[in-house]
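Step one of this worksheet: look at the structure below.
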Amino acid sequence: IRDRSPSRGLGDVYKRQFLNSKHRRIYSMSVGYKEFRLGWKSVFASALGIGLGLSPLPFYTIGVFVAPFIEEFGWSVEQIMRGLPILILGALIMSPVAGFFADKYGVRKVVLTSIPLFSLAMMSFSLNDGSMELYLFCWISIAVTGAGTLPVTWTRAVNSWFHKRRGLALGMSLIGTGLFGPLAKIYAATLIEMFGWRMAYVGVGFLPLLIAFPVAWFLLHEATEEDLAIVTENESKSEVKILGGMTATEALCDWRFWLIGFCFLPVSFAVGGPIPNLEQMFTIKGFALAEAIALASFVGFPSVIVGRVLGGYLLDYFWAPAVAAIILSLPALSLFLMIQPDISLMAAFFAMFLLGLAAGVEYDLMAYLVSRYFGQLNYSSIYGLLYGFFAIGSGFGPWVFARSYSATGSYDTILKISAFLFILGALPLLMLGKYREFNHSR
């Protein structure tokens with residue numbers, strides 16, 4: 001039977017496609033606005049909690065305690081940096097545990113228990129009387145007590161609220177590391193100058209308890225099915241599912257899990273290795289101590305902040321592995337700049353900006369990849385397992401950098417190796433393929 005309906009030209013087809021595309025964009029913007037309107041509290045609480053948690057505070061502040069420890073106890077830089085591998089080994093074991101409890105009992109219970117214990121553990125550094133054994137035990141204690149403050153817990157709550165703007169939301173929630181890490185470094189240096197290193201550790205340890213804990217108590221909540229029904233304008237909550245995805249066991253059998261882990265291991269080493277050594281690194285290059293501290297702080301503010309927000313925004317609009325391959329390759333140039341014997345102050349700031357971009361995108365990139373390729377069902381457990389790869393690289397990196405300096409009197413060799421590691425870790429992410437769809441509608 002011949003179709004006798006009026007013929008339609010290509011103009012009508014393109015018009016319909018344009019209207020449909022416009023409608024989808026408007027709907028996406030509407031959903032994205034509602035996600036932020038309802039989920040901003042968890043984003044804000046996560047930004048403070050992560051920024052004042054185990055990830056940035058010990059890592060960013062250890063550099064300013066090096067000189068007081070050397071002066072009072074006679075320890076070497078290598079001995080002082082031994083704390084970071086101990087910290088990372090503890091986090092390697094405890095991050096999957098914290099993720100498991102977050103999946104099973106909810107994020108709130110985990111973080112509200114972990115924050116006070118982590119604060120007390122940070123303050124315990126002030127009790128040291130020169131014992132290296134006690135010093136290393138303090139690093140173990142903050143790893144065990146602070147595992148609940150890692151991004152593996154907080155980002156689960158953020159992911160529960162966001163789908164259309166998940167990348168930007170994760171970037172904003174992780175912005176705290178770039179903001180509070182450098183500020184904590186300056187804050188600790190000021191306390192050391194005014195009251196000594198013991199009171200400085202008490203002051204740094206008090207920050208999570210004073211700021212992060214009350215904010216998490218009042219603002220941090222995971223989205224319910226009723227919340228998601230409001231976001232999607234869907235009145236039938238039975239059609240809204242928030243826990244689609246793979247189990248941790250299924251993820252461990254998936255080659256993508258191991259590829260992501262392989263990629264983040266060298267990248268985290270190349271990012272984490274220089275940061276605690278930056279003050280020493282720039283001082284031997286001829287910069288004044290104040291300039292060295294300013295350069296080290298610039299890694300987090302504003303470069304990490306730009307990386308978090310810009311990276312998160314790009315993840316919502318472009319394929320995440322491609323974004324990662326580009327942003328994580330750029331810092332190779334920064335390390336080559338730092339090798340130059342006569343590097344200028346402006347070139348040093350530019351190098352710190354590029355390094356900060358990588359430091360800014362790595363956490364939210366891992367969180368985003370886990371949510372897109374493995375789903376929300378066992379998100380925190382899978383993230384916790386993958387965090388182990390990141391923890392190994394970033395934990396042993398500073399110690400290896402310090403050991404290389406002790407052996408050679410220069411950081412140039414290890415900087416060259418790390419520049420290559422950026423490329424080695426970034427490019428294989430392009431093999432991940434398209435995102436997976438799980439049984440949840442948003």
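Identification of helices (runs of 4 or more DSSP H) wholly contained in region 253-330 with 2 or more residues that are more than 18 Å from Leu170 (Cα to Cα) yields 255-272, 278-283, 289-298, 320-329. For region 169-205, a residue qualifies if it is under 27 Å from Arg308 (Cβ atoms) and part of a loop (DSSP other than H, G, I, E, B), and exactly one does: Leu174.
For first residues located in region 151-162 and without any contact (Cβ under 8 Å) to a residue 40 or more places away in the chain and closer than 10 Å to Ser46 by Cβ, partners that are open to solvent by 10 Å² or more (accessible area, probe 1.4 Å) and outside any loop (DSSP other than H, G, I, E, B) and lie 6+ apart or on another chain with Cβ distances below 8 Å do not occur.
Remark: Phe374 matches the filter, which requires a residue to be at pLDDT 90 or above and in contact with a strand residue (DSSP E or B) (Cβ under 7 Å, 6 or more places away or on another chain). When every residue of region 261-278 is checked against the conditions, at least one turns out to be crowded, with 19+ Cβ neighbours inside 10 Å, modelled with pLDDT of 75 or more and either of a type in the set (S, T, N, Q) or touching a Lys or Arg at 6+ places or on another chain (Cβ under 7 Å) (or both). Among residues of region 334-346 being open to solvent by less than 30 Å² (accessible area, probe 1.4 Å) and part of a helix (DSSP H, G or I), the one that is nearest to Met172 (Cα to Cα) is Ser334.
Only one entry in Leu421, Leu415, Leu357 is at pLDDT 90 or above, open to solvent by 10 Å² or more (accessible area, probe 1.4 Å) and assigned to a helix (DSSP H, G or I), namely Leu421. Looking only at region 425-432, decide whether some residue is touching a residue at least 12 places away in the same chain (Cβ under 8 Å), within 23 Å of Pro276 (Cβ to Cβ), open to solvent by less than 50 Å² (accessible area, probe 1.4 Å) and in a helix (DSSP H, G or I). Yes: one or more hits.
Test Tyr363 against the criterion of being under 28 Å from Ser160 (Cβ atoms), open to solvent by 10 Å² or more (accessible area, probe 1.4 Å) and not in a helix (DSSP H, G or I), and give yes or no. No, not satisfied. Would you say Arg436 is open to solvent by 40 Å² or more (accessible area, probe 1.4 Å), of a type in the set (Lys, Arg) and part of a loop (DSSP other than H, G, I, E, B)? Against the criterion (open to solvent by 40 Å² or more (accessible area, probe 1.4 Å), of a type in the set (Lys, Arg) and part of a loop (DSSP other than H, G, I, E, B)), Arg436 qualifies.
In region 53-80, which residue that is open to solvent by 30 Å² or more (accessible area, probe 1.4 Å) and outside any helix (DSSP H, G or I) is nearest to Gly409 (Cα to Cα)? That would be Ser76.
For region 127-151, filtered to residues that are polar (S, T, N, Q) and open to solvent by 20 Å² or more (accessible area, probe 1.4 Å), the residue that is nearest to Gly196 (Cα to Cα) is Ser131.
Would it be correct to say that Ile86 is at pLDDT 85 or above, open to solvent by 30 Å² or more (accessible area, probe 1.4 Å), within 21 Å of Ala188 (Cβ to Cβ) and in a helix (DSSP H, G or I)?
On the way: at pLDDT 85 or above: yes; open to solvent by 30 Å² or more (accessible area, probe 1.4 Å): yes; within 21 Å of Ala188 (Cβ to Cβ): yes; in a helix (DSSP H, G or I): yes.
Criteria met by Ile86.
Being modelled with pLDDT of 90 or more and surrounded by 12 or more Cβ atoms within 10 Å (Cβ to Cβ) is a property that Leu38 lacks. Close Cβ contacts (under 6 Å, 6 or more residues apart or on different chains) running from residues in region 307-333 that are open to solvent by less than 10 Å² (accessible area, probe 1.4 Å) to residues that are among the charged types (D, E, K, R) and not in a loop (DSSP other than H, G, I, E, B) comprise Gly312/Asp364. Scanning region 381-412 for residues that are of a type in the set (A, V, I, L, M), open to solvent by less than 10 Å² (accessible area, probe 1.4 Å) and within 19 Å of Leu424 (Cα to Cα) returns Leu386, Ala391.
Among the residues of region 324-340, the one identified as of a type outside the set (Gly, Ala, Ser) and in contact with a Cys (Cβ under 9 Å, 6 or more places away or on another chain) is Leu328. Of all residue pairs spaced 6 or more apart or on separate chains, those with beta-carbon atoms under 7 Å, a first member in region 87-112 that is polar (S, T, N, Q) and a second member that is open to solvent by less than 30 Å² (accessible area, probe 1.4 Å) are Ser95/Ala147; Ser95/Leu150; Ser95/Val152; Ser95/Gly384; Ser95/Tyr387; Ser95/Gly388; Ser95/Ala391. Among all positions in region 396-408, there is no residue which is modelled with pLDDT under 85 and within 17 Å of Val152 (Cα to Cα).
Listed by first and then second residue, the pairs with beta-carbon distance under 9 Å, at least 6 apart or on different chains, first residue in region 412-424 and under 14 Å from Ala351 (Cβ atoms), second open to solvent by less than 80 Å² (accessible area, probe 1.4 Å) and aromatic (Phe, Trp, Tyr), are Leu415/Phe401; Ser418/Phe269; Ser418/Phe401.
The values are calculated or read from the model by the stated rules, or taken from the named source; none is laboratory data. All of these numbers come straight from a predicted model, not from anything done at the bench. Glycine also receives a Cβ, built like all others from the backbone with ideal geometry; neighbour counts cover every protein chain displayed. The accessibility values were calculated without ligands, DNA or RNA, using every heavy atom of the protein model including side chains. Shrake-Rupley method; radii C 1.70, N 1.55, O 1.52, S 1.80 Å.
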